[in-house]
Amino acid sequence: MTTKAQDGSAPVILWFRRDLRLADNPALNQAYATGRPILPVYTHDEGAGVRAAGAASLWWLDKSLRALATSLAGRGATLILRRGDAETQLRRLIDETGADAIFLNRLFEPAAWTRDADIAHRLKADGIECRGFNGSLLARPGSLLNGSGGPYKVFTPFMKALRARAEPPAHTNGPRAFGGAPHVAGDDLDDWGLHPTRPDWSGGFDWAPGEDGGIAALHRFVTEGLKDYADGRDRPAQAATSRLSPHLHFGEINPWRAWIAARDAADAGTVAPDQADKFIAELIWRDFSAHLLHHFPTLPDKAFRPEYDAMPWREDEAGFTAWTRGLTGYPIVDAGMRELWATGMMHNRVRMIVASFLIKDLLIDWRRGEAWFWDTLVDADLASNSQNWQWVAGSGADASPYFRIFNPVTQGQKFDAEARYVKRWIPELARLPARWAHAPWEAPPEVLRDSGVRLGATYPRPIVDHARARDRALAALKTVTAERQDAAAD
Ligand code: FAD
């Protein structure tokens with residue numbers, strides 16, 4: 001064991017988690033400002049009630065850690081990897097190096113927050129300084145409260161409050177060179193097995209995880225997609241959105257940087273202000289989700305409006321499997337689910353459609369869909385995922401009403417009028433004229449024949465009749481609202 005340096009030069013542990021970047025990183029900047037050697041460490045701890053990352057997230061994490069390690073190496077530092085209970089690993093590192101301080105950017109999910117607070121509490125009792133920062137959100141959860149001092153439950157007032165208080169921080173690149181940290185051994189990332197094997201299903205994952213990839217995505221978006229964002233963001237065949245969500249989730253880019261880039265583009269007149277505003281509003285939805293999860297920790301598990309937990313969900317394994325595989329017979333739903341499986345991503349408009357289909361057309365518990373997304377999305381995020389699933393289910397804080405049931409045919413016709421998106425993901429329908437591509441069962445037999453489509457053979461017939469499923473969903477809703485009225489009368 002190394003003894004503590006007596007001259008104030010003991011190293012500072014920079015504990016990386018989901019802030020895998022060097023730019024605009026408050027914990028790194030503050031650690032550097034101490035003038036002491038910095039020991040960058042990443043711990044992979046799946047215990048303490050923190051929900052284990054899904055398979056697609058682990059794929060991303062693997063690449064993001066490699067990118068971070070390369071950036072750090074370029075500035076003279078080694079990323080130390082440690083797996084297992086975080087506190088045990090941190091204490092080991094303290095023993096090995098004589099470090100007496102830990103700087104970190106906080107995780108705000110309730111279980112991680114509690115774990116980190118407990119660790120900090122115990123380490124502080126042993127004389128270790130622990131300093132936490134907000135490096136992932138525009139506003140620290142808990143810092144924005146409504147007029148009565150409670151949490152906001154509606155998005156628009158939350159957004160107004162956040163905008164009124166918005167103080168974008170100055171951009172920082174992080175230190176040019178690290179130095180002086182003692183050498184300590186870490187794990188070999190290959191041994192963590194984060195990349196899938198047997199089978200490796202990630203062949204279609206066309207991503208550049210890491211800080212450089214995040215900055216490149218932002219640059220591309222601001223120069224190409226932002227000018228038509230407000231309308232283009234609803235059209236899944238277009239590349240009109242930023243694709244920043246996994247980069248934001250893993251903290252490869254600070255959300256303020258995205259905010260500032262959009263605002264600067266509007267100030268420079270290269271995009272209309274309302275386009276930048278719409279994008280910034282979406283960034284604020286991300287914060288709103290984190291804020292809701294912070295104040296309502298059961299968001300991933302329980303309906304925010306409790307009466308919705310009495311919904312008569314169906315057990316329908318065949319329906320669920322068809323949904324996951326993109327074999328429901330509704331092309332826009334199937335295209336979305338196949339895009340998700342192949343790329344780890346799904347367009348937001350299509351996420352809403354497939355979620356509505358699962359919850360309302362199939363009457364399957366939204367939590368099953370949330371879990372599937374959790375495992376398959378590269379941007380899977382506890383707050384955003386559960387908030388959005390509850391939004392579609394109608395059970396969330398500021399949710400779409402349950403009775404608003406998306407019609408998968410008209411949604412497809414409206415937002416994918418030329419059927420380019422559907423045909424990209426469902427090659428079986430590639431030759432079907434766009435007019436029929438969202439409802440192949442309505443196509444005349446000769447059109448189907450000429451397009452090489454044999455319903456029930458090359459592409460499934462719809463697994464439910466939407467009109468009937470809609471009535472069933474509304475009847476189910478009535479049982480729930482009736483229960484609420486009964487409860488109110490009690
Ligand atoms: P852009 O349109 O470019 O938006 C910019 C950023 O704003 C996004 O990167 C994201 O960080 C944020 N954002 C945009 N829309 C939302 C939203 N509705 N809620 C919260 N933040 C938003 N997003 C996740 O990051 N992780 C999830 O696990 C997740 N699960 C979802 C589940 C369902 C059922 C639905 C309907 C939406 C979900 N979303 C989730 C929100 C949204 O679909 C994605 O953030 C978006 O598609 C990411 O693409 P983008 O980066 O190109 O978005």
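The values are calculated or read from the model by the stated rules, or taken from the named source; none is laboratory data. Values in this document were obtained by computation on a predicted structure and should not be read as measured data. Here Cβ is always computed from backbone atoms with ideal geometry, including for glycine, and neighbour counts include all displayed protein chains.
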| message | Taking the condition of being over 22 Å from SER136 (Cβ atoms) and touching a helix residue (DSSP H, G or I) at 6+ places or on another chain (Cβ under 9 Å), how many residues in region 259-276 meet it? | response | 9
| query | Limited to region 73-100, what total is found for residues that are surrounded by fewer than 20 Cβ atoms within 10 Å (Cβ to Cβ) and in contact (Cβ under 8 Å) with a residue 60 or more places away in the chain? | reply | 8
| Neighbours by Cβ (under 9 Å, 6+ apart or cross-chain): first from region 224-236, within 21 Å of ARG338 (Cα to Cα); second hydroxyl-bearing (Ser, Thr, Tyr) | ARG233/THR241; ARG235/TYR421; PRO236/TYR421
| query | Out of (1) within 30 Å of TRP201 (Cα to Cα); (2) in contact (Cβ under 8 Å) with a residue 40 or more places away in the chain, what's the single condition that is false for PRO427? | reply | (2)
| task | For region 290-306, state whether one or more residues are more than 20 Å from VAL154 (Cβ to Cβ), of a type outside the set (Val, Ile, Thr) and either within 15 Å of the ligand (Cβ to nearest atom) or in contact with a Lys or Arg (Cβ under 6 Å, 6 or more places away or on another chain) (or both). | result | yes
| query | Out of the residues in region 341-362 that are more than 10 Å from the ligand (Cβ to nearest atom) and buried (at least 20 other Cβ atoms within 10 Å of the Cβ), which is nearest to SER289 (Cα to Cα)? | reply | GLY344
| What is the number of the single condition among (1) crowded, with 17+ Cβ neighbours inside 10 Å; (2) farther than 30 Å from GLY35 by Cα that TRP192 does not meet? | (1)
| task | Output yes when any residue across region 225-239 is within 10 Å of the ligand (Cβ to nearest atom), farther than 20 Å from LEU137 by Cα and among the aromatic types (Phe, Trp, Tyr), and no when none is. | result | yes
| note | Among (1) surrounded by fewer than 21 Cβ atoms within 10 Å (Cβ to Cβ); (2) of a type outside the set (Asp, Glu); (3) under 28 Å from LEU474 (Cβ atoms), GLY269 falls short only on (3)
| task | Give region 129-148 a look and list any residue that's assigned to a loop (DSSP other than H, G, I, E, B) and under 27 Å from ARG51 (Cβ atoms), or say none. | result | ASN134, GLY135, SER136, LEU137, LEU138, ALA139, ARG140, PRO141, GLY142, SER143, LEU144, LEU145
| field | Matching residues, region 254-269, being in a helix (DSSP H, G or I) and within 28 Å of ASP62 (Cβ to Cβ) | value | PRO255, TRP256, ARG257, ALA258, ALA261
| task | Would you mind telling me which numbered condition in (1) in contact with a Leu (Cβ under 6 Å, 6 or more places away or on another chain); (2) under 16 Å from VAL422 (Cβ atoms); (3) more than 8 Å from the ligand (Cβ to nearest atom) TYR330 fails? | result | (1)
| said: Yes or no: region 268-277 includes at least one residue that is within 15 Å of the ligand (Cβ to nearest atom), more than 16 Å from the chain's Cα centre (by Cα) and either closer than 23 Å to TYR152 by Cα or at pLDDT below 95 (or both). | reply: yes
| task | Inspect all residues belonging to region 117-125 and state whether any of them is under 19 Å from ALA23 (Cα atoms) and among the aliphatic types (A, V, I, L, M). | result | no
| field | Spans of strands (runs of 3 or more DSSP E) in region 1-113 with at least 1 residues touching an Asp or Glu at 6+ places or on another chain (Cβ under 6 Å) and under 17 Å from GLU252 (Cα atoms) | value | 101-105
